[in-house]
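Here is the structure we will look at.
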Amino acid sequence: MTASARSGGKERSPNYPSIGLPAAIDDARELWNREKRTAVPPDVAAKAWGYKSLSGPARTTIAALRQYGLIESSTDGISLTSLAVDILVQIEGSTAWTSAVKAAAESPDLFRELNQTHTNASDEAIKAYLISRKRFSVDGASRCIKSFRETMALANRVVGGYGKAETDST
């Protein structure tokens, strides 16, 4: 029996952050604004992000923030990591902020791999790689590419030497 037959016919893609790093940072900021460093149950974090309960989308957000290294789990619940706090409280464009954003962007194993092997590849080439080599579904590959591109756009902007504060005024 195939894996898709065992799972009810739906093919699952490998784990990857379902949202780009900019959106993950926004979610971390929402949690910071409500809870600071306090470890909270996942359903409390979900409410900080505007979910009514610990639903599938809320769990997906938690997984994405975990893959970027922005939250961690303990017996008390989930809390922001030091990496997340650096991104949220350091001055944008500072060395500490830049290092933290770059580290978060490189945290997901798949994104680190794609950045090393497919830096200049087209979306079509990345999609073919994800489907044929990483066993992604077609839809999963498309969503992964979107998250990867958003994340690398922020990481490349940071590496280029300018932060959001400088680009907002232009």
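Let me know the Rg and Dmax you get for the chain when you use only its Cα atoms, in Å.
17.0, 57
Loop by DSSP (not H, G, I, E, B), at most 15 other beta-carbon atoms within 10 Å: where is the longest site-free stretch of the chain for trypsin sites (Lys or Arg not before Pro)?
Working: sites that count: Lys10, Arg12, Lys36, Arg37, Lys52, Arg135.
Answer from the scan: 53-134.
Run the dipole for the chain about the Cα centre, Lys and Arg Cβ at +1, Asp and Glu Cβ at -1, nothing else charged, and hand back the magnitude in debye, nearest 20. Please list the in-between numbers first.
Details: 22 positive and 19 negative charges, 115 e Å.
With only Lys, Arg, Asp and Glu charged at Cβ, the dipole is about 560 debye.
First select every other residue whose beta carbon is under 11 angstrom from the beta carbon of Ala39; then total the charges, Lys and Arg +1, Asp and Glu -1. Working shown, then result.
Working: positive: Lys36, Arg37; negative: Glu35, Glu72, Asp76.
Cβ neighbours under 11 Å give a net charge of -1.
Would you work out which of Leu54, Ala84, Asn156 lies farthest towards the positive end of the dipole of the chain, given +1 charges on the beta-carbon of Lys and Arg and -1 on that of Asp and Glu, about the Cα centre?
Checking the options against the dipole of the chain, the answer is Leu54.
Looking at the chain, how many pairs of lysines come closer than 25 Å at the Cα, when each pair is eight or more places apart or spans two chains?
Lysine pair count for the chain: 14.
No lab work stands behind these numbers, since they all come straight from the coordinates. Model, not experiment: these values are computed from the prediction. When we count neighbours, we look across all protein chains shown, and the Cβ atoms used for this are built from the backbone with ideal geometry, even at glycine.
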